[in-house]
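Single-structure report; data block below.
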Amino acid sequence: MNFDTISEPLARRLADGLTRLAAVARQLDWQAAEAAGLSPTQADILRFVAGRAGGTRLTAAAAHAGVRKATASDAVASLERKTLVRKSADTQDGRAVVLKATAKGRQVAEAWPASFSPVVEGLSADEQALLLGLVIKMIRQLQQRGLIAPQRTCVTCRHFRENVAPGSDRPHFCALVKAPMADRHLRVDCPEHEAA
Ligand code: SF4
């Protein structure tokens, strides 16, 4: 008996495993949204808006949540009624509108539990660092293929200098804060990110 011939392809088993993990995280996210009196889309948009102090456009929020603009608009209207989000004029373009979180909205977003925490907390620090590098690599590839909205990760940031000190324990460099970085320091959603 040879497991290479009797097993499902490796990529298929890996994808199945990730699907199970995503289902757990999604369920925890929905429970948190329900407890906060929000729909999953409202919760997603609120956290996206709250992470952008300068505000964001509706189209960006819709792309992040993976929903149509009309659906995002309904979610934002509900968030406005709950005084979690407000609209204001864009300082760069007076005709455009930006979404900003209210103090209450930021509070709700900051208290939000990380839905993948139970999935990763059983891993050692080294395993988490390794997984973080792989997750960022997958996000970058999905972004390059246009399958997800642009993300604020180090690897797509104009301040990021990748592997400028090969062989050292901190091979990368952030030119914004002028500090070397290891893979474990890479950010998935950095407020200071600027697209490369
Ligand atoms: S500014 Fe943020 S996203 Fe950009 S390289 Fe530095 S830490 Fe990474």
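Close contacts from region 164-180, counting a first residue that is under 17 Å from CYS190 (Cβ atoms) and a second that is within 8 Å of the ligand (Cβ to nearest atom) and assigned to a loop (DSSP other than H, G, I, E, B), with Cβ to Cβ under 6 Å and a gap of 6+ residues or different chains, come to CYS174/HIS159; ALA175/HIS159; LEU176/HIS159; LEU176/GLU192.
Only a single item in (1) outside any helix (DSSP H, G or I); (2) polar (S, T, N, Q); (3) modelled with pLDDT of 90 or more is not met by GLN27, and it is number (1). Report the residue count in region 40-62 for those that are more than 15 Å from SER88 (Cα to Cα) and outside any helix (DSSP H, G or I). Qualifying residue count, region 40-62: 1.
Scanning region 117-132 for residues that are in contact with a Leu (Cβ under 9 Å, 6 or more places away or on another chain) and among the hydroxyl-bearing types (Ser, Thr, Tyr) yields a single hit, SER117. Helices (runs of 4 or more DSSP H) fully within region 80-175 that include at least 1 residues being in contact with a Cys (Cβ under 8 Å, 6 or more places away or on another chain) and either within 16 Å of the ligand (Cβ to nearest atom) or assigned by TED's automatic domain parsing to the domain that holds ARG47 (or both): 125-144.
In region 1-28, of all residues being under 17 Å from PRO40 (Cβ atoms) and of a type outside the set (A, V, I, L, M, F, W, C), the one that is surrounded by the fewest Cβ atoms within 10 Å (Cβ to Cβ) corresponds to GLN27. Mind listing just one residue for me: the one in region 31-49 that is exposed (fewer than 15 other Cβ atoms within 10 Å of the Cβ) and farther than 17 Å from THR83 by Cβ and, of those, nearest to the chain's Cα centre (by Cα)? Applying the filter and picking the extreme gives GLN31. Taking the numbered list (1) more than 10 Å from the ligand (Cβ to nearest atom); (2) in a loop (DSSP other than H, G, I, E, B) in turn, ARG187 passes all entries but (1). Restricting attention to region 168-196, the residues that are at pLDDT 95 or above and exposed (fewer than 11 other Cβ atoms within 10 Å of the Cβ) add up to 2.
For region 3-42, give me each residue that is hydroxyl-bearing (Ser, Thr, Tyr) and touching a residue at least 12 places away in the same chain (Cβ under 8 Å). Write out each step before concluding.
Step one: filter region 3-42 for residues hydroxyl-bearing (Ser, Thr, Tyr), giving 5, 7, 19, 39, 41.
Those that are hydroxyl-bearing (Ser, Thr, Tyr) and touching a residue at least 12 places away in the same chain (Cβ under 8 Å): SER39, THR41.
Listed conditions (1) exposed (fewer than 12 other Cβ atoms within 10 Å of the Cβ); (2) over 20 Å from the mean Cα position of the chain (by Cα); (3) closer than 29 Å to LEU84 by Cβ; (4) not β-branched (Val, Ile, Thr) are all met by GLY122, apart from (3).
The requirement of being under 16 Å from the mean Cα position of the chain (by Cα) and not polar (S, T, N, Q) is fulfilled somewhere in region 66-74, by at least one residue. Of all the residues that make up region 59-95, how many are closer than 24 Å to GLY146 by Cβ and surrounded by fewer than 20 Cβ atoms within 10 Å (Cβ to Cβ)? Qualifying residue count, region 59-95: 10.
The values are calculated or read from the model by the stated rules, or taken from the named source; none is laboratory data. Everything quoted here is computed from the prediction, not taken from an experiment. With ideal geometry, Cβ positions are generated from the backbone for all residues, glycine too; neighbour counts draw on all protein chains shown.
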